[in-house]
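Below is one structure, written out as structure tokens; the observations come after it.
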Amino acid sequence: MARHAPRLEFLPPSPWARWWGPGVLALGLAACALVGVRHHRAAEDQAAALVRLQPQPGARAPEAVPRELAAEVGAAQEVAAALAVPWDAWFRALESVSVPGVFLTALQPEGNSRRARVSGQAAELSQVLVYMERLEHAPGFRQVLLVDHAVQEDATPPHLRFTLTAEWDAP
């Protein structure tokens, strides 16, 4: 028995199919040319702006800033620097260090000097020393120093109040 090849009827090719590839290529080249022209214009605008910013020969020197304005600008810059400190990361790093029996009662960060004063309570000095060691090894903290400690015997039960300082780095 002889096998016959199946007869397949294909649709005739569309007249648009022949122009599809070159049309997409031409559109891509036009888009590249447009981006190039815009880039060239932006470079020219930037060069013109730089020329305008250069001091012109014979131009007067800028007037001195009044002291009051300079003081206000300095205060505003200090506030901006304090607000730029990553407080969330700092608090998270501080909260990641915990020692049973050590309770923090006050935090006084000084944004300008990257130093913080931490006050707290503990049952024993050994707990405070362990807390200091863990804080020293926490990422972002260094030079953890015990500034003050005192036993409060009038409290029930007696506990140790302490104050320490730590320098901290920006994450």
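The values are calculated or read from the model by the stated rules, or taken from the named source; none is laboratory data. Since the structure is predicted, the reported quantities are computational estimates derived from the model, not experimental observations. In this analysis, Cβ positions are derived from the backbone assuming ideal geometry, glycine residues included, and neighbour counts consider all displayed protein chains. For the accessible areas, the whole protein counts, side chains as well, though only heavy atoms, and no ligand, DNA or RNA atoms are used. Shrake-Rupley method; radii C 1.70, N 1.55, O 1.52, S 1.80 Å.
Restricting to the stretch 110-132, what's the tally of residues that are open to solvent by 80 Å² or more (accessible area, probe 1.4 Å) and within 24 Å of the chain's Cα centre (by Cα)?
From the stretch 110-132, those open to solvent by 80 Å² or more (accessible area, probe 1.4 Å) are 110, 112, 117, 124, 129; that's our starting set.
Checking the rest, the ones that are also within 24 Å of the chain's Cα centre (by Cα) come to 110, 112, 117.
Here the count works out to 3.
Could you tell me whether the stretch 94-101 includes any residue that is open to solvent by less than 80 Å² (accessible area, probe 1.4 Å), within 30 Å of MET132 (Cα to Cα), of a type outside the set (Phe, Trp, Tyr) and touching a Gly at 6+ places or on another chain (Cβ under 8 Å)? So far as the stretch 94-101 goes, no, none of its residues is open to solvent by less than 80 Å² (accessible area, probe 1.4 Å), within 30 Å of MET132 (Cα to Cα), of a type outside the set (Phe, Trp, Tyr) and touching a Gly at 6+ places or on another chain (Cβ under 8 Å).
For the stretch 116-171, what are the residues that are among the acidic types (Asp, Glu) and modelled with pLDDT of 85 or more? Let's see the steps before the verdict.
Within the stretch 116-171, the first condition is being among the acidic types (Asp, Glu), and the residues that meet it are 124, 133, 136, 148, 153-154, 167, 169.
If the condition is that a residue be among the acidic types (Asp, Glu) and modelled with pLDDT of 85 or more, then GLU124, GLU133, GLU136, ASP148, GLU167 are the ones that fit.
Just one of the listed residues (ALA93, ALA116) is in contact with a strand residue (DSSP E or B) (Cβ under 8 Å, 6 or more places away or on another chain), touching a residue at least 40 places away in the same chain (Cβ under 8 Å) and not in a strand (DSSP E or B), namely ALA93. Within the stretch 133-153, being over 34 Å from the mean Cα position of the chain (by Cα) and not in a strand (DSSP E or B) holds for one residue alone: GLU153. Name the residue that is farthest from PRO86 (Cα to Cα), counting only residues in the stretch 134-165 that are among the acidic types (Asp, Glu) and in contact with a strand residue (DSSP E or B) (Cβ under 8 Å, 6 or more places away or on another chain). So the residue we want is ASP148.
Kindly evaluate GLU78 against the criterion of being among the charged types (D, E, K, R), outside any loop (DSSP other than H, G, I, E, B) and touching a residue at least 24 places away in the same chain (Cβ under 8 Å). I'd like the intermediate steps shown before the answer.
Numbers: among the charged types (D, E, K, R): yes; outside any loop (DSSP other than H, G, I, E, B): yes; touching a residue at least 24 places away in the same chain (Cβ under 8 Å): yes.
Yes.
Results for (1) among the polar types (S, T, N, Q); (2) open to solvent by 60 Å² or more (accessible area, probe 1.4 Å); (3) assigned to a loop (DSSP other than H, G, I, E, B), shown as yes or no for each residue.
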residue: VAL24; (1), (2), (3): no, yes, no
residue: GLY36; (1), (2), (3): no, no, no
residue: ALA64; (1), (2), (3): no, yes, yes
residue: GLY74; (1), (2), (3): no, no, no
